[in-house]
Structures are given as C-alpha cells and as structure tokens.
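Peer 1: Got a structure here, written out as structure tokens. Questions coming.
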Amino acid sequence: MENSLELEQDKKMIGELLLEHTTLTHEQLQEALELQSESGMLIGEILIKKNYIHPHDIIKVICSQIMIPYISEINVEEIDPNLTGNISINYAKNREVLPFLETDHSISILLTTPFNNEAINDIHEIFNKQVEILVTSPLKIHDAINRVYEKANRHLVDTLEDEFDENLDLDGPIDILDAGADEAPVIRFVNSIIFRAVKEKASDIHIEPYEKEIVYRFRIDGVMTDILHQPLKTHAAVSSRIKVMAKLDIAEKRLSQDGRIKIKIAGKDIDIRLNTVPIQNGERISMRILEKSSTVKGLESLGFSGANLESLKELCERKHGVVYVTGPTGSGKTTTLFALLDRINQPDKMIITVEDPVEYEVPGISQIQVNHKIGLNFASALRSIVRQDPDIIMVGETRDRETAEMAIESSLTGHFVLSTLHTNDAPSAPTRLIDMGVQPFLISSSLIAVVAQRLIRTLCPDCKKSHQVTPSDLGLLRVSAIPKGATIFNPEGCPKCNYRGYNNRTTVNEIMLISDDIRALILQKKDANSLRKVAVREGMQTLRNSAIEKVFNGITSIEEVIRVVNAEENEAEDFSLTSRPSDNL
C-alpha cells in the first residue's frame, strides 16, 4: 500500500480531498492551515481537534488516494446471509469485517480501514478466494453486521430441517402448537437453538428477558458467549414451547419450575435439565445440556498427571473408605468419578451408583436414577443399595446430613464410597461436612481423600502464539522465574477454534490425602486454612500450582489461570525451584 502511495504522482493534496469527500468548508481549511504554520501540527490532527472533520474522514481520503471504494450506505437486503456461516458475530464485530458478495473467484468484504490485513488474511483462508475490499464507517458496519446476522438466523429458522428424532410423548393441551401458521417457526427456532448449542459444544443455554429484547447466551468451555438478540415479543411463544417439551405448566409464570427434556440429535441421546425463574421482564430460562455417552474418559485424558495421577491409581485399590470429588457446578466432578469407576470396574467387583441424572451408561455397573416425585432420593436409594452388598458405591452428590452419614456408615461397614461435594477446594470438604451436622469422629475415621478440581480452557494448538515473559507475568503467577525449557503461550484465534484462541478444557486439581495429622485437626474442628497448611507441608499440590504447571507446559495461558483460580484461594509455590514442565508434554 505504501509503495502505491509513493508511486501515485498526481495525487491531490489532503486538504483538497477533504473538501471533496467531507463536509469541510474552505474557511475551516484555511483556518487550520494558518494554525499548522504556527504550530507545526499535522493538518488532519488540527481539523479533528477542532471537530471540523471526523477521524474516519481521513480513511475516506486514504481510500480515494489508493483507489479503494468508500461507501456511505449499505444495502443489507443485497447481502447473502449464508456468507456469515463460518464467521461468528463476535469475530465480525471485533475485526469490523463483513462479507457481502461472493463470485467464482473472489469474495468482497466491508472493512472500516483498508489496512486491516489480519481480517483480510482470515477471510482469504476461510473462503480460499481473492479478497476484494470496500470501506465504510464503523457505525454503518456494526449496524449492517447486526442486521445481516439477524437475517441469517431468520433464514436458518425458515430453512432448517427438523434435526431431532423427537419422541417426547407430549400429553395435555399444547397452546402454542395450536397457533396455526406460527406453529412451525416457533418449533424450528427452539430446535435450531438447541441444535446450535450441541454443535458448538455448549454446556448451558441461557435465555434472558430484558426491557426491550431477549438475549440468548451459551456457556462454551465455561465462558458465557452472546449468541442472539430477539425482540421481547417473541419470548412468550419460545418459553411456552420449551415448557411443553419439558412437560411443565405453561400457565405458571410466577414460580420457579424444574424439568427435563430428552431428545436425540444425529443419533446421540441428549438430556437437558431445565430451570425457569421469574424475573422483572419475564421468565429467565436455563438449560443444562448433558450428552449421554457410554464412553468414559481415562484419568490421564482428563488432565491428571504426576503425583496426583499416582495417588488416584492408589486410591482405586482401596477396599473401604470415602473419597469426595469437590468443586463448583460444571467443574467435571461426575466425569472424574466415572473415570475412577472405569478403572475399578472389573468382573470381580460389584458397583452400584445413584445419580441425578444418569450421565454415563456403563456396562457392568448398576445405575439408579433419582426420582424425587416418588421419594427416591440419594439417602433412600443409599439405604437400599447397602442391602445389595456392593463392593463400591457411588453417590452422585452429597447434599444433606442424611446422605453424608449414610455414605460414611457404608464405608465403615466395608464399602468403598465415591461421591461429590460442593466446596471450593479440598481442605474445605471436612468443614463442609461438619457444617451439615456430621460428627467429626465419623469424618476422621472414614474419609481417606478429597479431590478438588476446576476446568480450565486449553489453548488451540493450531494458533497459540509464544509469549515473551515479562516481570508483570511473573507477578501475576507469583513466581520468581519460569522453569528451564518452559514456553508460555497466548491465545490467538483461528477458524478451527472459532477465533476464541481456546479449544476444549482440561482439569486443574489438588488431592488432599487424609493423614493422621489431618485426622487430628478434623477431630478438633479446625478450619480449612489449618488443614491446607498441613496438607501442603505433606506434599499436596494446590489448585493454583496445578494450573501454573499447565501454563509452563504450554497447555493454557496466564489469563486463563487468573480467570479460573483466584489468587487468594491458596498460596502458590515457586515453580522456578520446585517444578519443571512434564516430560511427556
């Protein structure tokens, strides 16, 4: 571009071009020229400072000089919405780029500057065609992006074939399905939202009504992402359709409701846990997506390694005791439990589980589905399980004192019990059980280990970019230096990761083995900090250190560690002295 500017012999002076392409007057230009002679400032800088021209007016002039079309109006109706299929709306807005015309050999795009080489290269890679560019203002392109992507969604709703093998057995009156011509669009729209969520591997769908619009958001790899905005008037039909699918009361809008939707997509069983809650502008809907699978991942593929992996393997050999896997909702606790069960599962072992819901169907394991409507909860199921004389019992979640005491008593009578608990870290588990009302002597005599974990996003291997470590980075990680041979990477973004820079997740974890010293502290009802100090002294790798190790191994980034693991949760050791990247990574 610079060479073409230098070779352009007959280019006009910038002042003349501004007069030609903007609302600048001769008087304003003359005033600016006089100020330029006094101050030595650039003419464009003076005109912008005095509000005679907009900063983007300079782009108009540059486009005129290098013979690139600059357009003031965009006819959205002429833009093919299918061109946006491989480009997310977030990318389009962040890079200020919009494809609008495709031919056999080229793709034409709108930009806000002719020098946006990154976007030009990305579009060339996506379409594998010569890229022709036109330039417009930021305001115009953002408005066009919103309208084109809304048009693309309407087009999807109108053309999407029914991707679902629905066997919903919907009973009773279904008001919105009797709405005549509006019936099919509502059903197809809801189906398309669910289908897109499954396709993009979202764990949750959130439908949020606000004063003037409905916002649809997905949680992808643990991060909330805006997907779609719709008019508020569409919410009633969508909400009713989803309630019908979950067999909820469509007339009840004042109370929270819970339900479940079972569907098939491309032969896969999908279980959706639904919750509605009334808020100021309507009902907020949360849909948790669970893909039922018979494939259980191994401990190594989940992210366990080193001493923690060896500790888990040793725990799988135990004959009795209780092991808790802890962490917030959506941290992969159940997946870890089934990885442990898969390792234990042998023909000479009898394993029974009680779950809500059953996420993995595993041959050789008897699985009980909780049903609160008939009184089949964790505690009552556990009482029945003990009479079956199993070797291993898995309780999906310990929610109350009764379930906790039943699990502990089962371990004291010779059973190996696995369960989950909601705590932020491993040392908080005993104190949480005490808060539930479980006696400390029962906890200390039965608990053998607590596994705490988080899910952290892994960098896209196709676009991650090496990063020169700065003192600020070391301060964020709270280490004095990085280990020899370690390389730190940053997320970049490419078509394969949908320009997020991350692809998939792995666990960061800590395992607190219950030693005699920790048992003594539990009996004394000591707080979590006291337990943590002893556990670290005995060799426990904290959540934060586990995350930092993955940074040094090139698996994740510094910003992801800061996002997932709070600095105040536990103290990090100096990795420059105690750790090095894993040899197998």
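Peer 1: Taking amide hydrogens as modeled 1.01 Å from N in the peptide plane, which residues meet the under 5 Å criterion relative to ARG260, leaving out close sequence neighbours?
Peer 2: The list, which skips near neighbours in sequence, is LEU274.
Peer 1: Something else: May I ask for the distance between the Cα centers of the range 187-247 and the range 294-312, given as a whole number of Å?
Peer 2: One Cα centre to the other: 34 Å.
Peer 1: In deg cm²/dmol and to the nearest 500, what is the mean residue ellipticity at 222 nm of the chain if only DSSP H runs of at least 4 residues count, each as -39500 (n - 2.57), divided by the residue total?
Peer 2: Taken over the chain, the calculation gives -11000 deg cm²/dmol.
Peer 1: While we're on this one: In square nanometres, what is one fourth of the surface area of the convex hull spanned by the alpha carbons of the range 366-495?
Peer 2: 13.7 nm²
Peer 1: Next question, about the same structure. Any chance you could get the radius of gyration and Dmax over the Cα atoms of the range 176-305, in Å?
Peer 2: 15.9, 58
Peer 1: Just the number, please: percent antiparallel of the DSSP beta bridges in the chain, rounded to the nearest 5.
Peer 2: Within the chain, antiparallel bridges account for around 65 percent of the total.
Peer 1: Here's a follow-up. When the Kirkwood radius is taken over all Cα pairs of the range 440-578, what Stokes-Einstein diffusion coefficient follows at 4 °C and 1.567 mPa s, in µm²/s?
Peer 2: Estimated via Stokes-Einstein, D reaches 79 µm²/s.
Peer 1: Next question, about the same structure. Starting from the Cα of LYS349, draw a straight line to each of the lysines and keep only those under 26 Å, dropping any in the same chain fewer than 8 residues away.
Peer 2: LYS292, LYS297, LYS313, LYS319, LYS333
Peer 1: Ok, one more. Mind listing the phi-derived Karplus ³J(HN,Hα) values for the range 499-510, rounded to whole Hz, using 6.51, -1.76 and 1.60 with θ = phi - 60°, and x for any glycine or proline?
Peer 2: With the stated coefficients, the range 499-510 comes to 6, 8, x, 10, 8, 6, 9, 9, 8, 10, 8, 9 Hz.
Peer 1: Moving on to the next point. Debye sum, Cα scatterers, the range 203-263, no solvent: what log₁₀ I/I(0) at q = 0.25 1/Å?
Peer 2: -1.16
Peer 1: Okay, next question. For the chain, what is the largest minus smallest coordinate of the Cα atoms on each principal axis, given in angstrom and ordered from greatest to least?
Peer 2: So the three principal-axis extents are 94, 69, 44 Å.
Peer 1: Calculate I(q)/I(0) for the range 245-285 by the Debye formula, one identical point scatterer on each C-alpha and no solvent, and give its log10 at q = 0.13, 0.16, 0.20, 0.26 Å⁻¹ to two decimals.
Peer 2: Per q value, in the given order, log10 I(q)/I(0) is -0.33, -0.47, -0.63, -0.86.
Peer 1: How large is ³J(HN,Hα), in whole Hz, for each residue of the range 514-521 in order, when computed from phi with the Karplus curve 6.51 cos²θ - 1.76 cosθ + 1.60 and θ = phi - 60°, using x for Gly and Pro?
Peer 2: In residue order, the calculated couplings are 7, 8, 4, 5, 5, 4, 5, 5 Hz.
Peer 1: How would the range 186-234 be classified by its alpha-carbon gyration tensor: rounded, prolate or oblate, with rounded meaning a/c under 1.5 and the a/b versus b/c comparison settling the rest?
Peer 2: Verdict is oblate for the range 186-234.
Peer 1: Defining a contact as two alpha carbons under 8 Å apart and six or more residues distant in sequence, what relative contact order in percent does the chain show?
Peer 2: The normalised contact order for the chain reaches 9 percent.
Peer 1: Can you tell me the accessible area per residue over the chain, all protein chains present, probe 1.4 angstrom, in square angstrom?
Peer 2: 49 Å²
Peer 1: How long are the three semi-axes of the equivalent ellipsoid for the range 433-479, computed from the Cα gyration tensor as the root of 5 times each eigenvalue, in whole Å, largest first?
Peer 2: 42, 16, 9
Peer 1: Okay, next question. At q = 0.23, 0.25, 0.27 Å⁻¹, what is the base-10 log of I(q)/I(0) for the range 445-519 according to the Debye formula with one equal point scatterer per Cα and no solvent? Please give it to two decimals.
Peer 2: Values returned for q = 0.23, 0.25, 0.27 Å⁻¹ are -1.07, -1.12, -1.16.
Peer 1: Highest mean first, what order results for 446-453, 344-351 on Cβ atoms within 10 Å?
Peer 2: 446-453, 344-351
Peer 1: Would you mind checking which residues have amide H under 5 Å from GLN367's amide H? H placed 1.01 Å from N; only 5 or more apart, or other chain.
Peer 2: Under 5 Å from the amide H of GLN367 lie the amide H atoms of THR353, each far enough along the sequence or on another chain.
Peer 1: Provide the net charge surrounding ASN51, with neighbours chosen by a C-beta distance below 14 Å and charges set as Lys +1, Arg +1, Asp -1, Glu -1.
Peer 2: Once all neighbours under 14 Å are counted, the net charge is -1.
Peer 1: Another question about this same structure. Of THR487, PHE378, THR329, whose Cα points farthest to the positive end of the dipole of the chain (charges on the beta-carbon: +1 Lys, Arg; -1 Asp, Glu; origin at the Cα centre)?
Peer 2: PHE378
Peer 1: What is the range 49-109's relative contact order, in percent, from Cα pairs under 8 angstrom and six or more apart in sequence?
Peer 2: Here the relative contact order equals 20 percent.
Peer 1: Count charges around ASN75 for me, please; just the other residues with Cβ under 14 Å from its Cβ, Lys/Arg as +1, Asp/Glu as -1.
Peer 2: -2
Peer 1: In terms of the Cα gyration tensor, with a ≥ b ≥ c the square roots of its eigenvalues, is the range 280-422 rounded because a/c is under 1.5, prolate because a/b exceeds b/c, or oblate?
Peer 2: oblate
Peer 1: Can I get the semi-axes of the range 374-443's equivalent ellipsoid? Compute them from the C-alpha gyration tensor as square roots of 5 times the eigenvalues, in angstrom, largest first.
Peer 2: Values for the range 374-443, descending: 20, 13, 11 Å.
Peer 1: If you roll a 1.4 angstrom probe over the protein chains with everything in place, what fraction of the accessible area of the chain belongs to carbon and sulfur, to the nearest %?
Peer 2: Within the chain, the accessible surface is 48 percent carbon and sulfur.
The values are calculated or read from the model by the stated rules, or taken from the named source; none is laboratory data. Fair warning: this is a prediction, and the values are worked out from it, not measured in the lab. Positions of Cβ are generated from backbone atoms using ideal geometry, with glycine treated the same way; all protein chains shown enter the neighbour counts. To get the accessible areas, we keep the full protein, side chains included, count just its heavy atoms, and leave off ligands, DNA and RNA. Shrake-Rupley method; radii C 1.70, N 1.55, O 1.52, S 1.80 Å.
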